[in-house]
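Heads up: the structure comes next, in structure tokens.
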Amino acid sequence: MSQQKVVLLLGSNLGDQKKNLETALEKIRNGGNEILQISEFLTSEPVEFVSSNIFCNIATIIFTHLSPIQLLDYVKSIEIEMGRTTDSKVMRGYADRVIDIDIVKYNELKFVSERLEIPHKKHLFDREFSKILLKDFI
């Protein structure tokens, strides 16, 4: 498969948040993906759940040879490897997390499955922190 341009959003609200984000980026790169651009770090309040832990977030643009589902499986494996124990889709809600990696866009693809929706409409249209991070990426 040829290289695909993908926008990811990463967030962390547990532990050393910036280090968690940097580690996740390194793992994304180590999976054969090329990181083209990384946003500034942005802190934000939790969205759609209550926590006293503030999030640190970044956006990144990557080139990948992975299909959308392969990429989803890969980023989920990074989340698990880094200590994430809950999945918001399974729990049907959000909780504190060491790392969260969302696929926001995959080229101009429109894709919907039980596990994945591209583009990620909440990040593109509903969440203020996402709009700030993505303003130079979309």
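Where a number appears in this text, it was derived from the coordinates with a stated rule and is not lab data. Source: prediction; values computed, not measured. Neighbour counts are summed over all protein chains in view; Cβ atoms, including those assigned to glycine, are modelled from backbone coordinates with ideal geometry.
Brief remarks follow.
- Members of region 30-82 found to be acidic (D, E) and within 17 Å of S2 (Cβ to Cβ), listed by number: E34
- The one condition in (1) within 21 Å of F137 (Cα to Cα); (2) of a type outside the set (K, R); (3) surrounded by fewer than 14 Cβ atoms within 10 Å (Cβ to Cβ) that D16 fails to fulfil: (1)
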